[in-house]
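Derivation of every value follows stated rules applied to the coordinates shown; laboratory data play no part. Please read these numbers as outputs of a predicted model, since none were measured by experiment. Note that we place each Cβ from the backbone using ideal geometry, even for glycine, and neighbour counts take in every protein chain shown.
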Amino acid sequence: MRTGTTGPSGDRPTESIALALNGETVRAEVEPRLKLSDFLREECDLRGVRVGCEHGVCGACTVLLDGRVVKSCLVYAVQADGREVETVEGLADDGHLHPVQAAFHEAHALQCGFCTSGFVMSAVELLRENDDPSREEVKTALADNICRCTGYHNIYDAVEQAADALSTGETRADGGVLDCSAPGGCDCAGPAVDGPPAGYPTGAGSASGGSTAGGDAAADPGDPARGDRSTPGDDAEGR
Ligand code: FES
Ligand code: FES
C-alpha cells in the first residue's frame, strides 16, 4: 500500500488522518476536499473501489465505513479519520475468497465487473445483519447499486447462495481459491474492468476514477452517503 503519492500540492491546507483500512492502520496528509474514493484509489492503490458517477447514484464506489455501506464518492477522506474502512480488497482471507465473492463467481453474477465490488460490499453488510434475507430484502439492500451488463437476477441469486454458504459453513470445492491466471480465470485485477460499460452512469470528471474532488460533488456528506434504499430500481433488466 502506498500513501502520499498524490497528496497535497502547493500551499493548500492539509489535515492528518489515521484510519483502520482493511485491518491496517493508515496515516496520511490529505487535502480536506479529497474524496474518500479518490484517497482509496489513488493514495492507497485500492482499485477495487470503482468510480462511475461521482455523485452517489451508481454505487460502484461502495465501501464500509464503521461497518455501514457508504458511497465513498460522497465522503471526504478526512471524515474517515479515526474510523474503520473496509473495501473489497479486505474480504479475501489468505487468498480464499469471501463467501460473497465466491458466490458472485459461481452464480455468474458479473460480466465486466465494474460494478461488482460495490455490490459485494453492500451484500456483505446485508449478510452481517441478516443471515437469511428474503428476495425482497436482498433487492432492497442492493437498490443503491447499478449494473449495466449482467442483469440483476444472477446477482440476487449470488447473495442468496452466499447466505446459504455462510449459514452452513460450506465452502466451494476448491476452497474458494480463484486462480485468475488459469485458462478461463477471471481478469479481476486487469485494467479491462477499471472502466464502466456503455450506459453506465459516469461523472464529468473521470469514468474510472482518480479525479480529485472539486468539492461540490461531495457536498453535504454529513450523512455519509448512505442511500435510503427505499426505491429499488425498476429497469429493463428485471430488477
Ligand atoms: S455512487 Fe460513487 S461513483 Fe457512483
Ligand atoms: S458487470 Fe455490472 S456493470 Fe458490468
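Some notes on this structure:
- Antiparallel %, DSSP beta bridges [both residues in region 15-90], to 5: 90 percent
- Two-site label geometry, GLU137 and ALA18: point separation in nm, points 7 Å out along Cα→Cβ: 3.8 nm
- Relative protection proxy for 95-103, 124-132, from highest mean packing down: 95-103, 124-132 (other beta-carbon atoms within 10 angstrom).
- The order of GLU160, GLU15, going from fewest to most other C-beta atoms within 10 Å of their C-beta, is GLU15, GLU160.
- For region 15-90, the Cβ-based charge dipole about the Cα centre amounts to some 300 debye (Lys, Arg positive; Asp, Glu negative; other atoms uncharged).
- Multiplying the residue separation of ASP164 and ASN130 by 0.36 nm and subtracting their alpha-carbon distance yields 11.1 nm.
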